[in-house]
1. Binning every alpha carbon pair distance of segment C:1-163 at 5 Å from zero, what are the percents per bin?
2. How many percent of the accessible area of chain C is carbon or sulfur, using a 1.4 Å probe?
3. Just to confirm a number: summing +1 for Lys and Arg and -1 for Asp and Glu over residues other than C:LEU88 whose beta-carbon lies under 9 angstrom from that of C:LEU88, what do you get?
4. Can you give the convex hull volume of the alpha carbon atoms of segment C:391-468 per residue, in Å³?
5. Would you mind pulling out the separation of the Cα centroids of segment C:445-503 and segment C:211-274, in Å?
6. Based on the Cα atoms of segment C:186-312, what semi-axes does the equivalent ellipsoid have, where each is the square root of 5 times one gyration tensor eigenvalue, given in whole Å with the largest first?
7. How big is the C-alpha Rg of segment A:46-163 next to the rule-of-thumb value 2.2 N^0.38 Å, as a ratio?
8. Å³ per residue of the Cα convex hull, for the protein assembly as shown?
Amino acid sequence: MEIHAYEKFWLAAALLLIVGLIATVSYGAVGAGIEMIGDEGGTVDPEALDDHPKFGDPGVYESGEDEYDVYVVAEQFAFRPGTSDPIEVPANSTVTFHVTSADVIHGFEVVGTNANTMAIPGQVATFTVEVDGPRDYGILCNEYCGSAHHAMEGTMEVVPEDEYDGPEGGD
Amino acid sequence: MSIETTREHPERGDDPDDRPPGYVVGSGPDDVERELSHDEFDPIGTLGIILVYFVILAVMWAFMYFVEFLGRGITVVG
Amino acid sequence: MATFVDRYPEEAAVVRATFVVAFVSLGIGAFFGLIQALHRTGYVRILDSVDYYTILTGHGVLLALVFTIFFLLGLFTWAVARSLERPLPDIRLTWAWFGLTTTGATLVAVAILAGLIPSLGVSADVLYTFYAPLQAHPLFYAGLTMFIVGTWMAGADWFLAYRAWRADNPDDRIPLQTFMVLTTMLMWYLSTIGVAVSAVFFLLPWSFGIVETVNPLLTRTLFWFFGHPVVYFWLMPAYLLWYTVLPKLAGGRLFSDPLARVVFVLFLLLSTPVGIHHQYLDPGISEGFKFIAMTNTMFLLLPSLLTAFTVVASMEHGARQRGGEGYFKWLGALPWRDPAFTGMALAGLMFAAGGFSGMINAGMNINYLIHNTLWVPGHFHMTVGTAVALTMMAGSYWLVPQLTGKRLYSRPIGLLQVVLWFVGMVFMSNAMHRAGLAGVPRRTAEPQYQSFDFSTALGSVGELQAQIAFGGFLLFVSVVLFLFNILLSSFETPMESPVDDSLPAPLSGAEGSPLVLDDLRLWTGIAIVLVILAYTLPLGSIVTDAGLFGDSPGFPVLIDAVAMLKEVVA
């Protein structure tokens with residue numbers, strides 16, 4: 001079995017590339033602190049979301065100083081909140097999203113950002129983002145969810161701290 | 001190594017009527033001028049091409065990861 | 001004897017039949033692709049957007065499953081018979097799997113296309129990933145199951161041929177093409193377990209109403225257990241052609257047979273324990289399992305990177321035998337006028353670019369950037385849509401004459417066709433990648449929203465849409481030219497030698513390479529262990545979360561459409 005010297009060299013370079021790719025992603029996870037959506041969100045009964053303490057009244061909840069929880073229900077073909085009422089959070093805050101689905105699989109994408117997750121019935125996708133200055137963002141469903149999938153959209157408004165009049169969700 | 005240095009290559013007709021019987025697509029061996037064995041052949045051009053590819057991959061990966069991805073406004077931290 | 005059809009007339013008839021199914025699907029699927037390219041960019045909307053998803057399902061299933069896999073069935077039948085130099089053991093078995101796969105594919109196609117006629121009450125607008133709890137008509141899942149079982153029978157047919165050959169040749173190395181077929185099929189048997197379990201135990205009973213609910217994350221995970229290896233099932237026929245035919249077309253010989261075997265073994269080992277990389281953004285699967293899937297996926301780059309070297313080196317060998325000189329000048333000595341060669345070479349070049357976007361897809365956290373955006377179809381139109389599809393079309397210019405004994409109708413049209421495909425795909429997939437970075441989603445009829453606009457770093461959304469529509473149009477024209485050329489070739493008069501079908505021996509042969517490479521039992525065993533390691537814990541935790549049958553009732557796509565129409569009317 002003859003393996004040409006150049007080929008051995010390329011094998012080494014290819015392995016180096018692969019290790020480099022894994023190292024970059026590991027840096028992103030550890031150094032830049034980017035966590036993946038995992039199983040921390042737990043499960044819910046998709047048939048009984050109305051009885052859920054938070055998904056029963058989805059929206060923005062204050063969880064600490066400059067910290068907010070946003071509960072979002074994705075359903076054919078709207079986000080609650082997001083579609084009829086925008087998701088409103090103050091600038092320069094830490095926002096944790098909890099996203100689930102009331103029916104089929106949906107996607108939840110804050111357009112032009114890295115905030116992006118699947119919404120799977122029975123599962124809660126939880127992820128935290130840092131929002132900076134005031135800006136409006138679009139939200140869309142990026143997984144096919146039925147015949148009006150293309151109409152499933154919403155907005156998120158990051159408002160200046162002094163104009164923010166408190167979270168809308170809960171009582 | 002050349003068996004012959006110059007060789008006539010009559011243009012094969014592209015019109016179906018002009019084509020000689022037995023016309024073949026991809027008749028590579030027709031144009032082979034010399035035989036090279038494994039030991040006579042160093043794929044130096046391949047090495048060059050593949051190294052250029054390697055550099056493109058590495059640079060574009062770094063750009064996509066550190067500029068396009070980590071440089072985005074809202075990023076997931078937990 | 002003259003060519004394949006003269007040596008193995010019965011096998012040639014089966015291969016022709018599989019190619020007919022493949023090419024009919026290609027034609028319909030490409031037409032659907034044109035409709036989509038014009039619809040989602042807003043240029044021409046001949047259908048209601050509700051029907052876009054019927055067309056999209058048809059496009060995905062007919063091209064990604066039917067065209068590619070029927071071509072594979074024919075190509076592998078050809079490769080086994082010619083490399084073992086014997087007919088298949090029982091041609092009735094061969095026709096039986098052809099019948100079963102064709103019936104299954106037809107049922108699936110009927111279930112999908114019936115969606116265009118609401119009065120039939122049948123719909124399968126679930127796209128080719130058929131994620132539950134979106135529910136298709138039972139015909140869709142039943143047809144899919146028949147199709148998969150048919151491919152299993154085809155694999156059995158090739159293994160029986162190998163067993164018969166082995167009895168007569170106890171000490172020979174497995175011929176390279178047969179080795180490629182067998183390792184690919186072993187990977188296929190292992191990976192299709194996922195989709196078979198999903199369809200037979202969960203989706204089919206649920207669509208019939210025998211069980212009430214499904215666990216959506218479980219069926220989705222089982223789909224991707226199969227859904228990534230299927231990518232390599234598409235790709236391995238292209239690799240078989242690149243390794244064993246392309247060097248010959250270039251005027252050279254394969255650089256290394258043993259390395260080709262190493263590459264196929266690596267695909268058998270690593271293709272399946274990676275599927276979770278399609279679920280990086282799924283809740284319910286912990287980050288650790290995602291990291292394991294990523295590591296496996298990154299190492300799966302290795303066989304493709306090795307292939308790049310071996311295939312380019314084989315081409316360089318051909319070019320130098322044809323008188324090519326210099327560091328890069330030899331590229332000019334390649335037979336660029338031959339559509340079979342040029343098509344495969346351009347397909348390989350596009351695959352190199354697709355390899356890059358694939359690395360991004362594989363990178364775990366960078367997935368947030370591009371997940372479910374148009375970047376993803378941009379990627380797989382370079383890989384399955386060009387590396388595979390263009391290689392298959394180009395390979396057909398060399399293969400079909402062997403199956404019919406008739407020469408190709410027109411070489412220049414063939415050349416124009418493969419170049420058009422390449423150019424069309426450069427426009428379309430480049431624009432799709434860029435649109436994906438702007439956040440434009442995949443799988444949507446109208447990526448135009450009321451409450452926001454997309455912003456691009458360079459250029460404009462309008463320019464990207466123009467490129468997608470123009471590229472899609474060129475691709476459709478290319479398919480029309482291909483089908484026209486193949487069709488007219490069937491009216492040529494038979495001749496003694498319609499194509500030069502000899503394949504020269506590799507420069508570095510199998511003899512002398514470790515015998516363990518040919519130990520299929522060993523590699524299969526390791527592959528199974530890797531799958532168990534990668535999937536036991538995630539599947540266990542998904543089942544613990546919501547049970548085997550979950551608590552999601554079905555959402556039939558048909559009722560959706562009706563409700564939607566009412567909403568539109570009201």
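The values are calculated or read from the model by the stated rules, or taken from the named source; none is laboratory data. The structure presented is a predicted model; accordingly, all values stated were derived computationally and were not measured. In this analysis, Cβ positions are derived from the backbone assuming ideal geometry, glycine residues included, and neighbour counts consider all displayed protein chains. Quick note on the areas: whole protein, heavy atoms, side chains included, nothing else; ligands and nucleic acids left out. Shrake-Rupley method; radii C 1.70, N 1.55, O 1.52, S 1.80 Å.
1. 2, 9, 17, 19, 16, 12, 9, 7, 5, 3, 1, 0
2. C and S fraction of accessible area: 70 percent.
3. -3
4. 120
5. Between the Cα centres of segment C:445-503 and segment C:211-274 lies a distance of 24 Å.
6. Working through the eigenvalues yields semi-axes of 35, 17, 9 Å.
7. 0.99
8. Output value, Cα hull per residue: 157 Å³.
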